[in-house]
Amino acid sequence: MSRIGRMPIAIPAGVTVELAENNKVTVKGPKGTLERVLPSEMEIKVEGAEVVVSRPNDLKKMKSLHGLTRTLINNMVIGVTDGYEKKLEVNGVGYRAQKQGKKLTLSLGYSHPVEMEDPEGVETVLDGQNLIIVKGIDKEKVGQFAAEIRDKRRPEPYKGKGIKYVDETIRRKVGKTGKK
């Protein structure tokens with residue numbers, strides 16, 4: 001059996017998990033509410049202070065959906081209690097980030113500033129001029145928006161200029177050498 005899918009999800013204090021028809025799961029917590037429709041084949045039960053996911057049979061598709069369903073519910077529970085955040089670093093001479101209201105303005109060496117609007121449920125915070133923190137309760141939205149910011153100018157391997165995740169390592173290359 002799936003080792004991840006089998007594990008029960010503990011529901012912390014102050015969090016409520018509700019099940020509706022065709023596996024619509026609603027998780028309410030101190031930071032907000034998340035809802036998601038999960039695969040209808042999976043059997044989701046709330047037993048006391050934990051959620052248990054079980055699968056109907058051992059077909060390959062069911063096995064893979066089992067672990068996925070459990071992880072998605074777990075991510076929702078973590079999201080409404082602690083929330084998620086991703087940190088991005090802007091490196092390069094003259095590269096900077098500014099924030100006005102819900103608008104993030106990036107100067108990335110293009111002839112125009114790049115403007116990005118915070119999507120619903122996600123907020124960006126600036127720490128200095130070169131550290132962007134993307135926060136939210138939905139892990140998927142936070143990761144997606146962080147990836148979209150990074151895509152505006154990916155880090156390059158020679159000087160390391162661009163936008164990178166704080167925990168990301170960039171494989172550096174040696175530049176060309178001059179003629180003697």
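Can you list residue pairs whose Cβ atoms sit under 9 Å apart, with the first residue in region 146-163 being in contact (Cβ under 8 Å) with a residue 24 or more places away in the chain and the second being part of a helix (DSSP H, G or I)? Count only pairs 6 or more apart in sequence or on different chains.
Listed pairs, sorted by first residue: 162/150; 163/149; 163/150; 163/151.
For region 119-140, which positions are under 28 Å from residue 26 (Cβ atoms) and either modelled with pLDDT of 95 or more or assigned to a strand (DSSP E or B) (or both)?
Residues satisfying the conditions are 122, 123, 124, 125, 133, 134, 135, 136.
Can you confirm whether region 98-111 contains a residue that is in a helix (DSSP H, G or I), closer than 30 Å to residue 130 by Cβ, of a type in the set (A, V, I, L, M) and within 22 Å of the chain's Cα centre (by Cα)?
Within region 98-111, none of the residues are in a helix (DSSP H, G or I), closer than 30 Å to residue 130 by Cβ, of a type in the set (A, V, I, L, M) and within 22 Å of the chain's Cα centre (by Cα).
Restricting to region 149-163, what's the tally of residues that are open to solvent by 70 Å² or more (accessible area, probe 1.4 Å) and either among the polar types (S, T, N, Q) or in contact with a Gly (Cβ under 7 Å, 6 or more places away or on another chain) (or both)?
Residues meeting the conditions: 2.
Going by the conditions given, is residue 115 touching a residue at least 12 places away in the same chain (Cβ under 8 Å), part of a strand (DSSP E or B), open to solvent by 50 Å² or more (accessible area, probe 1.4 Å) and acidic (Asp, Glu)?
It is true that residue 115 is touching a residue at least 12 places away in the same chain (Cβ under 8 Å), part of a strand (DSSP E or B), open to solvent by 50 Å² or more (accessible area, probe 1.4 Å) and acidic (Asp, Glu).
For the structure I just gave you, tell me whether residue 146 is surrounded by 15 or more Cβ atoms within 10 Å (Cβ to Cβ), among the small types (Gly, Ala, Ser) and part of a strand (DSSP E or B).
no
Can you tell which of 85, 18 is open to solvent by 40 Å² or more (accessible area, probe 1.4 Å) and under 21 Å from the mean Cα position of the chain (by Cα)?
Exactly one of 85, 18 is open to solvent by 40 Å² or more (accessible area, probe 1.4 Å) and under 21 Å from the mean Cα position of the chain (by Cα), namely 85.
Starting from region 122-140, take each residue that is small (Gly, Ala, Ser) and list its partners that are not in a strand (DSSP E or B), counting only C-beta distances under 8 angstrom and pairs at least six apart or across chains.
Once the first residue is small (Gly, Ala, Ser) and sits in region 122-140, its partners that are not in a strand (DSSP E or B) give 136/79; 136/83; 136/121; 136/142; 136/145.
Please work out which one of (1) of a type outside the set (A, V, I, L, M, F, W, C); (2) in contact (Cβ under 8 Å) with a residue 12 or more places away in the chain; (3) closer than 30 Å to residue 8 by Cβ is the condition residue 89 fails and give its number.
That leaves (3) as the condition not met.
Across region 24-67, what is the number of residues that are open to solvent by less than 80 Å² (accessible area, probe 1.4 Å), touching a residue at least 24 places away in the same chain (Cβ under 8 Å) and in a helix (DSSP H, G or I)?
Counting residues in region 24-67 that are open to solvent by less than 80 Å² (accessible area, probe 1.4 Å), touching a residue at least 24 places away in the same chain (Cβ under 8 Å) and in a helix (DSSP H, G or I) gives 3.
The values are calculated or read from the model by the stated rules, or taken from the named source; none is laboratory data. Fair warning: this is a prediction, and the values are worked out from it, not measured in the lab. Every residue, glycine among them, receives a Cβ derived from its backbone with ideal geometry; neighbour counts consider all protein chains shown. These area figures cover heavy atoms from the full protein model, side chains too; ligands, DNA and RNA do not enter into them. Shrake-Rupley method; radii C 1.70, N 1.55, O 1.52, S 1.80 Å.
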